[in-house]
1. Listed residues ARG72, ARG172, ARG117; which is within 24 Å of ASN55 (Cα to Cα), at pLDDT below 90 and of a type in the set (Lys, Arg)?
2. Looking at the structure I just gave you, is GLU56 open to solvent by 60 Å² or more (accessible area, probe 1.4 Å), farther than 17 Å from ILE139 by Cβ and not aromatic (Phe, Trp, Tyr)?
3. Could you list, in sequence order, all residues of the stretch 104-138 that are within 26 Å of ASP159 (Cβ to Cβ), part of a loop (DSSP other than H, G, I, E, B) and either in contact (Cβ under 8 Å) with a residue 40 or more places away in the chain or not charged (D, E, K, R) (or both)?
4. Suppose we keep only residues that are of a type in the set (A, V, I, L, M, F, W, C) and open to solvent by 80 Å² or more (accessible area, probe 1.4 Å) within the stretch 91-127. Which one would you say is farthest from ARG74 (Cα to Cα)?
5. Could you please find all residues in the stretch 128-143 being open to solvent by less than 60 Å² (accessible area, probe 1.4 Å) and closer than 20 Å to ARG74 by Cβ?
6. Does at least one position in the stretch 81-88 carry a residue that is crowded, with 17+ Cβ neighbours inside 10 Å, charged (D, E, K, R) and not in a helix (DSSP H, G or I)?
7. Before we move on, is ASP159 of a type outside the set (S, T, N, Q), at pLDDT 90 or above and within 17 Å of MET46 (Cα to Cα)?
8. In the stretch 60-80, which residue that is touching a residue at least 60 places away in the same chain (Cβ under 8 Å) and open to solvent by less than 10 Å² (accessible area, probe 1.4 Å) is farthest from VAL158 (Cα to Cα)?
Amino acid sequence: PERERGILRVFHLSGLADVEGTITRGPETQGKLDYDLAIRLKGARMIYVIFPAYNEEKVIRPTLVALATAMRDRPESYTAILVDDGSTDRTIAEAEAAVVEGGGELPLTVLRHEVNRGLGAGLRTGIYWCLDHATPDDIIVTLDADNTHPPAMIPTLVDRVMQGFDVAIASRYR
């Protein structure tokens, strides 16, 4: 497959800057391309929202519902990427319930670690998955799954990236 190195434009509500990664394109990734086309319903740009999660059954549903609300009137397509980091509770079931509650308007992809590998591994898994699916114009957002980062901030940060900034970072301290 063809491999392309580059800097992925990333913003993180708790401080991650940019990430260098490899995008793979080739015959074996054709199914991934089809997936991307299927979820790009509103426009050409996709916003991927990564939620690394470990035992977040009590908060993942309201977090995902808040994401759907924040993105409802946006022109860009979006999808939530839940990276379940070996949860032993009902995190995935609650995330799926959020999709049902949202009337199917919340696109959700679930990636699973069989055992807990930590926040860094969860972020890496989500970011690498997005690198395999993203185009150069797409935007990746990372949020904590425990609803401490309000998804309502996403439109403002995305607007900054669309104004030409490579990275937009929000802080809960400012």
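1. Details: ARG72 fails: within 24 Å of ASN55 (Cα to Cα); ARG117 fails: at pLDDT below 90.
Exactly one residue qualifies, and that residue is ARG172.
2. Spelling it out, it is not the case that GLU56 is open to solvent by 60 Å² or more (accessible area, probe 1.4 Å), farther than 17 Å from ILE139 by Cβ and not aromatic (Phe, Trp, Tyr).
3. Hits for the stretch 104-138 are LEU106, PRO107, ALA134, THR135, PRO136, ASP137, ASP138.
4. Among those that are of a type in the set (A, V, I, L, M, F, W, C) and open to solvent by 80 Å² or more (accessible area, probe 1.4 Å), it is VAL115.
5. If we filter the stretch 128-143 for residues that are open to solvent by less than 60 Å² (accessible area, probe 1.4 Å), which is where we start, we get 129-135, 138-143.
Once the filter is applied, which keeps residues that are open to solvent by less than 60 Å² (accessible area, probe 1.4 Å) and closer than 20 Å to ARG74 by Cβ, the stretch 128-143 yields CYS130, HIS133, ALA134, THR135, ASP138, ILE139, ILE140, VAL141, THR142, LEU143.
6. yes
7. So ASP159 fits the description; yes.
8. ILE60
The values are calculated or read from the model by the stated rules, or taken from the named source; none is laboratory data. What you see is a predicted model; the values in this text were computed from it and never measured. We place every Cβ from the backbone using ideal geometry, glycine too, and count neighbours over all the protein chains shown. Ligands, DNA and RNA are excluded from the accessible area calculation, which covers all protein heavy atoms including side chains. Shrake-Rupley method; radii C 1.70, N 1.55, O 1.52, S 1.80 Å.
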